[in-house]
Amino acid sequence: MTAMSAGRAHFAQLSGDEFRARLREALDLYVTAMGYPAGTAEQRAPMWLTHALREGWRCIGAFADDGRLLGVAYGYQGRPGQWWHEQVRRGLVDGGVDAAEWLADYFELTEIHVHPENQARGIGEELLRRVLDGLPYRHVLLSTPEGPSRAWRLYRRTGFVDVLRHYHFAGDPRPFAILGRALPLG
């Protein structure tokens, strides 16, 4: 882990081993930031561990001076056969969007979360910039629940556009937006 400071947080790229060692802390942060029920962490743990094995996986953590995790962002190369890729491809095709344009060469920004006590301090944007910095892909794609939020303001401020709106992933009743943009972030 190589740390660099920015404001009140220190940022570091995490190796797979470092991520696994902090998995419980990262999942607790995720559950708190998203307002999910406590059991969500146990459901997500195997998936997050699997994600860390995917090609192009990259993770950035934001840390307090005392080492506490304030935020986390990770993603990997999106590919056919992955659950999210197939769900989004189906939605794009059904919505009349050119799926090949967006899904040919992209980084899936899978998770980006900042503890609520530390939001609105630039940590999320710094996580976003660092996790996307220097990536070799044409695009970055993400999904986010519909509705106004700090995350939406961050994505709009950094140039993300609508790819697909009001999409329902299998097994989740909430509507989501798929947002994307060309890389590099700049």
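Residues HIS115, HIS139 ordered from highest to lowest accessible area at a 1.4 Å probe: HIS115, HIS139.
By definition, a body whose alpha carbon gyration tensor gives a ≥ b ≥ c is prolate when a/c is 1.5 or more and a/b is larger than b/c, and segment 72-114 fits this prolate description. Note on the chain: with charges restricted to the Cβ of Lys and Arg (+1) and Asp and Glu (-1), its dipole about the Cα centre is near 280 debye. Comparing the chain with the 2.2 N^0.38 Å rule of thumb, its C-alpha radius of gyration ratio is 0.98 (two decimals). The protection proxy used here, the mean number of other Cβ atoms lying within 10 Å of each residue, ranks peptides 117-126, 43-52 as follows, highest first: 117-126, 43-52. Heavy-atom accessible area for VAL163, with the other protein chains in place and a 1.4 Å probe, reaches approximately 10 Å².
The values are calculated or read from the model by the stated rules, or taken from the named source; none is laboratory data. As the structure is a computational prediction, the values presented were derived from the model and not from experiment. Here Cβ is always computed from backbone atoms with ideal geometry, including for glycine, and neighbour counts include all displayed protein chains. What goes into the accessible areas is simple: the full protein's heavy atoms, side chains included, and nothing from ligands, DNA or RNA. Shrake-Rupley method; radii C 1.70, N 1.55, O 1.52, S 1.80 Å.
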